[in-house]
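Worksheet: one structure, shown below.
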Amino acid sequence: MKKISFKLNKGMFRKIFDREIFHTKWLKRLDRYIIVKFLGTYFFAIALIISIAVVFDINENIDRFINNKAPLKAIIFDYYLNFIPYYTNLFSPLFVFIAVIFFTSKLAENSEIIAMFSTGMSFKRLMVPYMISAAIISGLTFVLSTEVIPKGSVTRLKFENVYKKKKTVNYAGNIQLEVDTGVIAYIERYEDYNKTGYRFSLDKFDKDHKLVSHLTARRITYDTTTYHRWIIKDYMIREMKGMREHITRGDNMDSIIKMEPQDFLIQRGQQETMTSPQLSEYISKQKQRGFANIKEFEVEYHRRIATSFAAFILTTIGLSLSSRKVKGGMGLHLGIGLGLSFSYILFQTISSTFAVNGNVPPAIAVWIPNILYLFIAIYLYRKAPK
């Protein structure tokens with residue numbers, strides 16, 4: 001009897017095991033189906049909307065390109081080849097929302113989601129392939145924004161300055177920064193066309209914050225052939241040693257000063273041309289120097305990280321909204337999704353403006369839309385069909 005009982009239990013175990021294997025394989029196949037649908041719709045939405053954006057941009061700027069004699073090769077390879085990834089990454093949250101709502105509403109309309117739930121699948125399990133797709137998009141967005149797009153933005157912005165806007169920042173005024181420990185440099189006006197600064201001073205302080213040397217010069221010129229090399233002209237150096245003062249005058253002096261024109265000659269969109277490691281190093285260096293105008297750089301650095309995480313939040317909102325079958329098809333879901341995605345981009349812009357022009361810390365400002373929409377995602381997830 002014991003032997004028969006053992007055989008029966010073993011047979012039942014095999015049947016249960018076979019069913020579990022079949023069920024697991026079926027879920028894996030379903031995961032691949034949803035991931036392919038998600039990513040396929042995502043890239044199709046990108047191709048469609050960016051194609052329209054390129055057509056509108058050509059229509060708007062064709063006169064400028066012709067008047068400024070922009071070469072066709074430069075228009076295609078320098079401008080539009082870098083225009084496409086930049087705006088694709090910028091509006092990635094919109095594309096995620098459209099992709100999720102479009103194909104999930106189609107699944108719900110065809111009763112495919114109902115069929116999934118009827119097999120015992122939970123809503124949480126249904127989210128797994130969506131989150132995998134969101135992770136792929138998030139990783140792609142992060143790599144593009146931190147490494148690829150900044151390098152392309154150098155070429156794109158250069159093209160825009162030459163053939164589109166014809167506006168470049170070639171001067172700066174009242175520059176004051178710490179170039180080394182206890183060494184403060186000041187330039188009243190810097191002209192980039194000849195790499196020359198006027199009315200220059202360099203003050204050195206000891207550990208007790210007492211002035212030990214004061215250099216003044218009528219002009220200072222940057223030597224582009226050597227890193228950190230400046231030529232100081234018509235200078236006077238006052239050295240304080242106790243109660244005594246020693247004065248030195250001269251016409252020309254080569255000097256190594258740890259500053260570059262790009263440290264104070266900030267152009268519009270310059271933060272977009274730096275990779276994330278370069279941004280981090282630049283921000284740290286400028287803070288040590290006491291340079292105040294770096295909020296746009298901090299916003300850009302933190303925005304790249306926040307935008308990457310947004311894919312998970314917006315995917316959850318899109319799935320929770322569109323997984324329920326409603327009368328009228330996907331029109332209502334698509335309308336709500338577009339409204340939420342555009343409002344997310346709007347909140348992102350507004351919060352970044354508060355950080356640049358207000359007193360909101362950049363790290364907090366760029367995460368405000370994510371935090372707000374995270375609560376919306378949690379609420380919709382709880383209301384989603386189970």
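The values are calculated or read from the model by the stated rules, or taken from the named source; none is laboratory data. The shown structure was predicted, so the numbers you read here are calculated from the model rather than taken from an experiment. Cβ placement follows ideal geometry from the backbone for every residue including glycine, while neighbour counts extend to all protein chains displayed. With ligands, DNA and RNA removed, areas are computed over all heavy atoms of the protein, side chains included. Shrake-Rupley method; radii C 1.70, N 1.55, O 1.52, S 1.80 Å.
Pairs are defined by a Cβ separation below 6 Å, a sequence spacing of at least 6 or placement on different chains, a first member in the range 176-197 that is under 15 Å from residue 262 (Cα atoms) and open to solvent by 30 Å² or more (accessible area, probe 1.4 Å), and a second member that is among the aliphatic types (A, V, I, L, M) and in a strand (DSSP E or B); the pairs so defined are 178/184. Just wondering, is there one or more residues in the range 107-122 that are among the small types (Gly, Ala, Ser), closer than 25 Å to residue 307 by Cβ and surrounded by 15 or more Cβ atoms within 10 Å (Cβ to Cβ)? Among the residues of the range 107-122, not one is among the small types (Gly, Ala, Ser), closer than 25 Å to residue 307 by Cβ and surrounded by 15 or more Cβ atoms within 10 Å (Cβ to Cβ), which makes the answer no.
Selection within the range 66-90: residues that are open to solvent by 30 Å² or more (accessible area, probe 1.4 Å) and aliphatic (A, V, I, L, M). The member of this set that is nearest to residue 52 (Cα to Cα) is 84.
Within the range 131-142, is even one residue farther than 24 Å from residue 277 by Cα, open to solvent by less than 50 Å² (accessible area, probe 1.4 Å), in contact with a Leu (Cβ under 9 Å, 6 or more places away or on another chain) and not β-branched (Val, Ile, Thr)? Taking every residue of the range 131-142 in turn, at least one turns out to be farther than 24 Å from residue 277 by Cα, open to solvent by less than 50 Å² (accessible area, probe 1.4 Å), in contact with a Leu (Cβ under 9 Å, 6 or more places away or on another chain) and not β-branched (Val, Ile, Thr).
Of all residue pairs spaced 6 or more apart or on separate chains, none has beta-carbon atoms under 7 Å together with a first member in the range 257-278 that is on the phi > 0 side of the Ramachandran plot and among the charged types (D, E, K, R) and a second member that is outside any loop (DSSP other than H, G, I, E, B) and open to solvent by 40 Å² or more (accessible area, probe 1.4 Å). The listed residues are 13, 56, and the only one of them that is open to solvent by 80 Å² or more (accessible area, probe 1.4 Å), at pLDDT 90 or above and of a type outside the set (Asp, Glu) turns out to be 56.
Right, residue 45: surrounded by 10 or more Cβ atoms within 10 Å (Cβ to Cβ), out of contact with any Cys (no Cβ under 7 Å at 6 or more places or on another chain), modelled with pLDDT under 90 and within 30 Å of residue 129 (Cβ to Cβ) or not? Judged against the criteria, residue 45 is a match. Can residue 283 be described as in contact (Cβ under 8 Å) with a residue 12 or more places away in the chain, open to solvent by less than 80 Å² (accessible area, probe 1.4 Å) and not in a helix (DSSP H, G or I)? Spelling it out, it is not the case that residue 283 is in contact (Cβ under 8 Å) with a residue 12 or more places away in the chain, open to solvent by less than 80 Å² (accessible area, probe 1.4 Å) and not in a helix (DSSP H, G or I).
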